[in-house]
1. Tell me, rounded to the nearest percent, the portion of alpha carbon pairs in region 16-100 spaced more than 18 Å apart.
2. Looking at the square roots a ≥ b ≥ c of the eigenvalues of the Cα gyration tensor of region 158-235, which shape do they give, rounded for a/c under 1.5, prolate if a/b is larger than b/c, or oblate?
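Only the coordinates and a few stated rules stand behind these numbers; no lab work does. This structure is a prediction, so every number in the text was calculated from the model and none was measured.
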């Protein structure tokens, strides 16, 4: 059985959900559930065997109702960050989740075992910290992928380069990353030395929710501990053999920050499988899309066509071949997801029509028998 974070607020606290971002707009959306006798809450911890929810009656352990689990096959399961409608059992300090309020933003990735199935990482987030360490694990291509998912989520991305004390030229590396992360801040920090933490924390305004996204061992939990000035989250050192991190966070947890914001730590994600992220890719690779508009032909395939601005940029060195190759790779990945979704929709329609034809034939046989 998974170990749960200690429940620090087990008494009634009418201001608790306000601290977690409850607003007049949410209260209006919740009105139908209030009339049904339910109480509002926000999921602050998500584990395999249940949830921890913040409510006006304190923090309670919760499970989804049977009906919600059935509906989740189509609509998806509750996730950390969700605002939910609850029935409370204050004697047992527990609750049942009956409904999920509409999500403002959602950070998702494609599930590792499926081209189509979504895995919701966090919901109702305002800022996405894309975290990577400034050691041998620094990977520009992975950052591009994370940024595409972050932009697609609706949150504001911020690239966070941790462990700058392990890097010989942190500002040089930051400049390289800033060149591919145009449109979002790139911040250099060292939790060990206390560098850059104030500037990073300033990216999360009071009442806003931030999610930490990155591989294991890049320092996400260490950042949370530094913000809180206490060792709230488990941490681990990187491996000497390959500079990669060890898994320390085993669940998703939303934490209140001293400045009034909230930060969500997540288990390490080595790869973000993109799904329905065309807009996010367009933002991250806006330079390439701008180049493509300058091609002589509107349907240029950027291969051997005359007047191709993309090929010209590659020849002159203005466009990094690795960045171009990654852009094409992500485009093919998204196309494969869309193609499989189209095939699945067509197969479902064929099954539906076959079922209707079967019913029609059976009806005709019954009619002939009646004659």
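1. Within region 16-100, distances greater than 18 Å cover 37 percent of Cα pairs.
2. Judged from the Cα gyration tensor, region 158-235 comes out oblate (a/c at least 1.5, b/c at or above a/b).
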